């Protein structure tokens, strides 16, 4: 991602392209296969780019129940989908394999992504069990694969989980930048589609001066003014879907209305 997009004050809108359930997942459509996954993502990309988003992030949101360690078949399939749809992109893109930092970095490097998002630091009690990511391995893999330029976006308060670290969220954010070299900090709500706590977002934005801070979940057309008044941008998936349902296709009209509001905010700032 360019400096202009991932920067303090850029007001960047990163839109999610949710891939259908990958091979091995309980919801995988074996009859449709990988070709159906590609078709679905292509339609979403077209709608998102027509609406004017700044960047697109591929994610395996449909792979419920989620894994903490990716499988070989799911890594291969996600890489294949991103590679097949990449020629249609005219904006920077990133990837996020839920919830495996090393898999996210590996897929990002293999596909030429500009950035990756994951839970890179912390210890969590989660729906998936005890969650202890290894940031050092992910960062070293990025370097070993020759992509030190690929940005690592740190989601610091995981969805579907509770942090066992009792430090205030702003201190955890500062620590992630200082000790783990975060390129950006993301603040989430408790579950996909639910807003980050306004006070958490504000406190993190006030504490972090060197890297951008983005709202990671729950941003919509009704709260985007408040979000961009403090944050440097947001990641948005659910609000762009038909009827605001996470599992539906992207609604091009919703994207356009949202980006019209964002562009007005940018023009006024």
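The values are calculated or read from the model by the stated rules, or taken from the named source; none is laboratory data. Because the structure is predicted, anything quoted here is derived from the model rather than measured. Cβ atoms come from the backbone with ideal geometry, glycine included; neighbour counts cover every protein chain shown.
Some notes on this structure:
- Residue in the stretch 196-210 that is surrounded by fewer than 23 Cβ atoms within 10 Å (Cβ to Cβ), under 16 Å from residue 16 (Cβ atoms) and in contact with a helix residue (DSSP H, G or I) (Cβ under 7 Å, 6 or more places away or on another chain) present: no
- Every residue from the stretch 142-159 that is surrounded by fewer than 18 Cβ atoms within 10 Å (Cβ to Cβ) and either in contact (Cβ under 8 Å) with a residue 60 or more places away in the chain or in contact with a helix residue (DSSP H, G or I) (Cβ under 7 Å, 6 or more places away or on another chain) (or both): 145, 148
- Summed over the stretch 129-151, residues that are under 19 Å from the mean Cα position of the chain (by Cα), assigned to a strand (DSSP E or B) and under 19 Å from residue 70 (Cβ atoms) total 1.
- Of all the criteria given as (1) closer than 15 Å to residue 96 by Cα; (2) assigned to a helix (DSSP H, G or I), the one not satisfied by residue 154 is (2).
Let's see how each residue does on (1) at pLDDT below 95; (2) out of contact with any strand residue (DSSP E or B) (no Cβ under 6 Å at 6 or more places or on another chain); (3) in a loop (DSSP other than H, G, I, E, B); (4) within 16 Å of residue 237 (Cβ to Cβ):
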residue	(1), (2), (3), (4)
35	no, yes, no, no
44	no, no, no, yes
47	no, no, no, yes
53	no, no, yes, yes
65	no, yes, yes, no
77	no, yes, no, no
94	no, no, no, yes
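- Being assigned to a helix (DSSP H, G or I), touching a helix residue (DSSP H, G or I) at 6+ places or on another chain (Cβ under 9 Å), free of Cβ contacts under 8 Å to residues at least 60 places away in the same chain and farther than 22 Å from residue 190 by Cα is a condition met by no residue of the stretch 113-128.
- Total residues in the stretch 172-219, condition within 25 Å of residue 242 (Cα to Cα), out of contact with any strand residue (DSSP E or B) (no Cβ under 7 Å at 6 or more places or on another chain) and touching a residue at least 40 places away in the same chain (Cβ under 8 Å): 3
- Failed item in (1) more than 21 Å from residue 105 (Cα to Cα); (2) part of a loop (DSSP other than H, G, I, E, B); (3) modelled with pLDDT of 95 or more, with residue 4 passing the rest: (3)
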